[in-house]
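Since the structure comes first, as structure tokens, the remarks are kept for the end.
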């Protein structure tokens with residue numbers, strides 16, 4: 001049975017129609033709202049490619065059911081992390097460090113890092129590695145990503 | 001020789017009614033619908049127009065058969081073209097891997113995109129530039145040497161003409177001979193080549209606005225999933241469609257032979273349907289026992305023995321008296337590509353023609369395979385590359401493309417297929433298991449008198465290197481039953497000048513899983529065994545491992561020698577034999593070296609790995625890796641460093657933890673828990689020395705550094721604990737077992 005669901009995504013209230021209230025948030029973002037920044041990687045919360053923020057916390061959208069997202073909860077995707085065309089400091093640092101290869105993990109890495117830095121202003125390399133330990137990168141960009149997060153730490 | 005060109009009126013912008021996505025500087029993506037059936041583009045490698053077009057505003061489009069799979073070559077190819085042509089970097093955009101638009105430059109593999117594809121584009125650019133200069137010289141009635149050119153504008157005194165004015169929108173109609181390329185610029189005049197130009201794709205990737213294949217939506221598009229069999233050989237016996245009646249949005253269950261798929265209005269509905277559909281499959285248990293994998297490999301029927309190295313007479317040398325004999329067996333596990341994003345593709349059948357969008361590394365080959373599969377003329381199939389999750393060889397992208405085509409044909413609408421994680425881990429083609437026997441002899445002075453190696457690796461059945469498409473096989477559609485692991489014989493022979501050498505590759509008739517090439521196929525496994533065993537010889541001769549290598553390298557191979565010396569300096573190498581003496585405590589450290597001349601003909605790499613071994617836990621930590629790398633002329637140093645980081649990190653992962661798990665029916669390591677890959681805390685520090693040789697030809701860099709990482713780690717572990725590990729991956733259980741047996 002199709003039902004209407006209201007979400008607050010990237011600062012806007014959005015109403016969508018879904019067949020399954022337990023559909024993971026990822027599909028609502030990508031298919032219903034056309035927000036393709038979060039990507040499907042595993043559907044098991046093991047890799048982090050789909051990471052978004054729900055009330056500022058990093059959440060794996062591939063397993064987070066819509067039914068758990070309240071209308072007042074603030075969902076932010078990577079598209080909403082930047083202010084218009086002005087990139088978030090973590091995004092800028094990823095560009096400055098060229099911390100990308102295929103980029104399939106990048107959106108999730110940035111979202112995880114932004115949530116982490118919000119509560120950790122002066123992380124060490126070890127802190128950053130621990131915070132990102134459950135975000136996988138198959139291309140092997142890890143050292144650049146750590147540099148980028150560190151670069152962003154002063155300003156994020 | 002300068003060729004004359006006659007700009008033709010033939011319209012050069014065409015699309016054939018399908019989506020074209022191109023990239024220009026600043027990351028702006030320009031999806032555009034082609035304007036009907038315009039003139040077909042020339043696709044011959046022997047024509048400038050196949051590679052280049054310049055519009056009236058002087059904007060240059062490069063048509064590249066080689067594609068950027070996340071390595072940054074889109075940027076590097078644009079650099080090579082812009083510099084050779086004398087246009088601004090920002091004036092160049094690159095169209096990749098579209099069978100209607102780009103020439104067939106071969107698969108994007110083997111570290112050949114810059115070396116081969118880029119040099120072909122450079123040839124086209126140099127030829128075009130010479131012709132444009134000649135045209136301008138005629139116009140101004142001066143000699144070409146009196147002209148200057150910059151940013152696509154040719155000047156003679158105060159007169160000027162732009163490329164756009166000379167050729168804009170028209171064809172060059174000039175021939176190319178890649179065996180006898182045009183004269184390239186003097187390397188000292190390169191202004192864009194050799195610079196770390198930021199990658200054109202990164203701004204969009206960090207903004208979450210990159211046009212991955214995963215994000216392609218066509219009007220009327222449906223979503224499909226494939227239900228793969230529970231085993232490699234299961235037959236489909238029954239399907240109970242009523243089991244998914246309750247799921248809204250199901251369009252069709254598609255069944256053909258053992259191929260089974262579902263098509264739905266939404267991706268989530270397709271996923272739920274694939275999960276819940278009740279299916280009966282026959283049982284099949286044809287895989288070997290995992291615990292006896294290498295016994296199975298050794299017992300496999302040999303299709304052919306290829307001698308890849310033969311110097312002197314090893315049997316005679318090994319039969320002499322007074323020599324020391326060494327023998328060892330190495331093995332290397334089956335690996336999966338483990339692309340971060342499962343394979344994804346979109347297909348549409350319309351008016352008897354198939355258009356396929358995918359992240360295939362070889363769209364021209366995929367086109368031939370899809371045409372064969374659906375018994376269609378090749379010209380009725382168009383394959384278009386869109387970047388997907390990074391792949392490191394032939395992963396599942398092509399299979400997903402064939403899945404999408406199967407489903408699109410069945411429902412008569414465009415269908416997008418993205419595999420599940422279990423599909424990807426279970427059904428992407430695998431890097432085959434590799435077994436290597438090594439024997440050598442040393443005389444009383446510690447000189448190597450003979451070297452013998454035997455490699456047990458699957459055959460390569462077909463020169464076209466086509467990995468069979470899974471849905472074609474399942475559906476019983478036409479498909480060659482090829483075994484295509486890639487050129488895995490490479491680097492079975494060694495770069496060292498021993499008096500007697502024999503290297504033999506036993507090409508096996510079969511291998512347990514559909515094989516393909518995964519980053520550094522064969523070169524890495526073979527180099528792993530060779531460079532570890534060489535270290536065993538150095539230890540037996542009580543020699544320093546770097547000095548031992550230098551002793552046997554061809555003195556004329558100055559670049560190889562310099563590469564080894566550079567890594568020694570970079571790592572502040574402590575010259576002494578391995579293993580270290582006088583170690584104590586539970587955690588001990590060591591260092592190991594490894595060296596490769598890729599395919600014995602090109603890129604040189606030497607690495608030193610430093611490790612810390614927790615002896616009680618059997619846990620190896622790679623703490624630091626030093627890389628000295630000579631790939632000739634460097635196009636983009638930062639891009640190269642990024643690739644070297646990737647080579648090292650991915651290979652530390654593959655060496656220490658990666659191993660396909662399976663039972664008698666199928667792969668059982670179907671997620672990231674059961675097939676773990678390296679995580680941030682385990683990533684080593686990486687120190688790189690780029691040996692730039694601007695006057696040499698550019699060689700590949702996507703793979704060579706991977707070849708030396710496993711052996712450097714193994715040699716470092718031996719240095720630390722005096723135990724030789726000969727079976728990848730080096731899991732704690734294996735490390736502890738090796739220590740117990742004191743190997």
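Things to note:
- Condition met for residue B:575 (under 19 Å from the mean Cα position of the chain (by Cα) and either touching a residue at least 12 places away in the same chain (Cβ under 8 Å) or within 28 Å of residue A:141 (Cβ to Cβ) (or both)): no
- Residue B:641 over 22 Å from residue B:736 (Cα atoms) and within 14 Å of chain A (Cβ to nearest Cβ): yes
- Among residues of the stretch B:339-357, those that are surrounded by fewer than 24 Cβ atoms within 10 Å (Cβ to Cβ), out of contact with any strand residue (DSSP E or B) (no Cβ under 9 Å at 6 or more places or on another chain) and either in contact (Cβ under 8 Å) with a residue 12 or more places away in the chain or within 14 Å of another protein chain (Cβ to nearest Cβ) (or both), counted: 1
- Residue check for residue B:613: at pLDDT 95 or above, within 14 Å of chain A (Cβ to nearest Cβ) and either closer than 22 Å to residue B:731 by Cβ or touching a helix residue (DSSP H, G or I) at 6+ places or on another chain (Cβ under 6 Å) (or both): no
- Scan of the stretch B:389-411 for residues that are under 17 Å from residue B:262 (Cβ atoms) and surrounded by 24 or more Cβ atoms within 10 Å (Cβ to Cβ), ordered by number: B:399, B:400, B:402, B:403, B:404, B:405, B:406, B:407, B:408
- Pick from the stretch B:168-212, criterion within 19 Å of residue B:77 (Cα to Cα), without any contact (Cβ under 8 Å) to a residue 60 or more places away in the chain and out of contact with any helix residue (DSSP H, G or I) (no Cβ under 6 Å at 6 or more places or on another chain), ranking: farthest from the other protein chains (Cβ to nearest Cβ): B:183
- Spans of strands (runs of 3 or more DSSP E) in the stretch B:389-459 with at least 3 residues within 30 Å of residue A:48 (Cβ to Cβ): B:415-418
- Of all residues in the stretch B:241-258, those satisfying the criterion of being more than 29 Å from residue A:17 (Cβ to Cβ) and either within 14 Å of chain A (Cβ to nearest Cβ) or not in a loop (DSSP other than H, G, I, E, B) (or both) are B:255, B:256.
Every residue, every condition in (1) at pLDDT below 95; (2) within 14 Å of another protein chain (Cβ to nearest Cβ); (3) under 25 Å from residue A:139 (Cβ atoms), yes or no:
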{"residue": "B:48", "(1), (2), (3)": "no, no, no"}
{"residue": "B:57", "(1), (2), (3)": "no, no, no"}
{"residue": "B:67", "(1), (2), (3)": "no, yes, yes"}
{"residue": "B:78", "(1), (2), (3)": "no, no, yes"}
{"residue": "B:122", "(1), (2), (3)": "no, no, no"}
{"residue": "B:126", "(1), (2), (3)": "no, no, no"}
{"residue": "B:145", "(1), (2), (3)": "yes, no, no"}
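- Some residue of the stretch B:156-163 being at pLDDT 95 or above, in contact with a helix residue (DSSP H, G or I) (Cβ under 8 Å, 6 or more places away or on another chain), surrounded by fewer than 16 Cβ atoms within 10 Å (Cβ to Cβ) and on the phi > 0 side of the Ramachandran plot: no
- Checking B:371, B:291, B:327 one by one, the residue that is surrounded by fewer than 19 Cβ atoms within 10 Å (Cβ to Cβ), touching a helix residue (DSSP H, G or I) at 6+ places or on another chain (Cβ under 6 Å) and outside any loop (DSSP other than H, G, I, E, B) is B:371 and no other.
- With respect to (1) within 30 Å of the chain's Cα centre (by Cα); (2) in contact (Cβ under 8 Å) with a residue 24 or more places away in the chain; (3) not assigned by TED's automatic domain parsing to the domain that holds residue B:396, the lone exception for residue B:316 is condition (1).
- Hits in the stretch A:6-24 - residues which are within 11 Å of chain B (Cβ to nearest Cβ) and within 15 Å of the chain's Cα centre (by Cα): A:10, A:24
For every residue, the table says whether it meets (1) outside any strand (DSSP E or B); (2) farther than 22 Å from residue B:113 by Cα.
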position: B:341; (1), (2): yes, yes
position: B:349; (1), (2): no, yes
position: B:355; (1), (2): no, yes
position: B:366; (1), (2): yes, no
position: B:376; (1), (2): yes, yes
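- Failed item, numbered, when residue B:206 is tested on (1) assigned by TED's automatic domain parsing to the domain that holds residue B:69; (2) part of a helix (DSSP H, G or I); (3) under 30 Å from the mean Cα position of the chain (by Cα): (1)
- Against the list (1) in contact with a helix residue (DSSP H, G or I) (Cβ under 6 Å, 6 or more places away or on another chain); (2) crowded, with 18+ Cβ neighbours inside 10 Å; (3) in contact (Cβ under 8 Å) with a residue 12 or more places away in the chain; (4) on the phi < 0 side of the Ramachandran plot, the condition residue B:234 fails is (1).
- Tallying residues that are touching a strand residue (DSSP E or B) at 6+ places or on another chain (Cβ under 6 Å) and part of a loop (DSSP other than H, G, I, E, B) within the stretch B:226-240 yields 4.
- Condition met for residue B:704 (in contact (Cβ under 8 Å) with a residue 12 or more places away in the chain and surrounded by fewer than 24 Cβ atoms within 10 Å (Cβ to Cβ)): no
- Identification of helices (runs of 4 or more DSSP H) wholly contained in the stretch A:28-122 with 2 or more residues that are within 7 Å of chain B (Cβ to nearest Cβ), within 24 Å of residue A:7 (Cβ to Cβ) and under 10 Å from the mean Cα position of the chain (by Cα) yields A:78-81, A:106-119.
- Selected residue (criterion: surrounded by the fewest Cβ atoms within 10 Å (Cβ to Cβ)) from residues of the stretch B:626-647 that are in contact with a helix residue (DSSP H, G or I) (Cβ under 6 Å, 6 or more places away or on another chain) and under 30 Å from residue B:513 (Cβ atoms): B:645
- Hits in the stretch B:569-582 - residues which are crowded, with 17+ Cβ neighbours inside 10 Å and farther than 9 Å from residue B:628 by Cα: B:571, B:573, B:577, B:578, B:579, B:580
- Residue in the stretch B:172-181 that is surrounded by 15 or more Cβ atoms within 10 Å (Cβ to Cβ) and either not assigned by TED's automatic domain parsing to the domain that holds residue B:85 or not in a loop (DSSP other than H, G, I, E, B) (or both) present: no
- Check on residue B:58, in contact (Cβ under 8 Å) with a residue 40 or more places away in the chain and within 26 Å of the chain's Cα centre (by Cα): no
- Only residues that are surrounded by fewer than 22 Cβ atoms within 10 Å (Cβ to Cβ), touching a residue at least 12 places away in the same chain (Cβ under 8 Å) and either in contact with a helix residue (DSSP H, G or I) (Cβ under 6 Å, 6 or more places away or on another chain) or more than 11 Å from chain B (Cβ to nearest Cβ) (or both) were counted in the stretch A:126-145, giving 2.
The values are calculated or read from the model by the stated rules, or taken from the named source; none is laboratory data. As the structure is a prediction and not an experimental result, all values here were calculated from the model. Counting neighbours? That spans all protein chains shown, and the Cβs are built from the backbone with ideal geometry, glycine included.
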